[in-house]
Amino acid sequence: MLGDCHIHMILDGVYYRAAIDHQKERPDEALIRNRLADYAARGITFLRDGGDAWGVGLRASQLAGEYGITYRTPVFNICRRGHYGCFLGRSFETLQEYRALVDEVAERGGHFIKIMVSGLMDFSQFGVLTDTACSYELCRDLISAAHDRGFAVMAHANGSEAVSNALRAGVDSVEHGAYLDRETLCQLAESGAVWVPTLVTIANLRGLGRFPDAVLEPLKALQQQNVAEAAAMGAKIALGTDAGAYAVYHGTAVQQEYDLLREALGERTDEILRAGEGEIRARF
Ligand SMILES: [Zn+2]
């Protein structure tokens, strides 16, 4: 059984503010244990968290062994101050501040570094992202500082510019990766980095009335086409759901993501996803 290479233990897929408020004071251990037990009951033995600022994923990583689960956490994600992602993590303005955060991840027992190098898809407008791309120079400084401390780097990155900059800077995994052009897909394949396309974060929004299906359907189709193209070029691809994101529920999302990836990858799905997860397990 494949694992889930991108979850947020703190979130519940319903309403992020309420989910965060619930565990702001301290992680809800009973809730975490329930989720871990549910993953274990589904035969899932590997989880990689995308981080949170309240130690919930970190606590989960300490409990997961009791459920036979290998759990990897970056503790919190790290973003550029004033940019997308700060609601769930910690931010920096200078490289010195960033290095202090990397040190803190090490001290608290984190397993890797998660950085945010782009915005999110604007689900109300096809082709639009909510924030600017991180420059190559900044990506290089962030990723090399993490590598120097022995950490692999997971990057939230959408759009060709951000993904290309992160790949050139040596990132280990690319999360989401919406709207990639052919050149960037080729660069992805050549880099050996793992792409975690989180298709279910798009697919599960369809039909809810929150965002127009006229945007969601072509975006889903584009992402699946890009997954197929990347795989044909030899890119490494892994299953990750972003569980906890809106309408993406812990546990059930794994099969949904698998089905979406299978539509894109066909008969080679298992072989490709096993290799992708193997690479993530080895690096992270
Ligand atoms: Zn995430």
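Looking only at helices (runs of 4 or more DSSP H) that fall completely inside region 6-106, which ones have 3 or more residues that are in contact with a Gly (Cβ under 9 Å, 6 or more places away or on another chain) and of a type in the set (Phe, Trp, Tyr)?
Correct list: empty, since no element meets the threshold.
Output the qualifying pairs, or none if there are none: Cβ atoms under 6 angstrom, residues six or more apart or on different chains, first residue in region 171-191 and under 19 Å from Gly119 (Cβ atoms) and away from the ligand (no atom under 15 Å from the Cβ), second residue among the acidic types (Asp, Glu) and not in a loop (DSSP other than H, G, I, E, B).
No pair meets every condition.
Among the residues of region 262-282, is there at least one that is within 16 Å of the ligand (Cβ to nearest atom), surrounded by 16 or more Cβ atoms within 10 Å (Cβ to Cβ) and farther than 27 Å from Ser124 by Cα?
The answer is yes; a qualifying residue exists.
Would you call Gly57 within 19 Å of His156 (Cβ to Cβ) and of a type outside the set (D, E, K, R)?
yes
Among what's in region 192-224 and is in a loop (DSSP other than H, G, I, E, B) and surrounded by 18 or more Cβ atoms within 10 Å (Cβ to Cβ), pick the residue that is nearest to the ligand (Cβ to nearest atom).
Once the filter is applied, the top-ranked residue is Thr198.
Readers should treat all values here as calculations from the given coordinates under stated rules, not as data from a laboratory. Note that this is a predicted model, so its numbers are computed, not measured. A quick note on method: Cβ atoms are made from the backbone with ideal geometry, for glycine too, and the neighbour counts reach across all protein chains shown.
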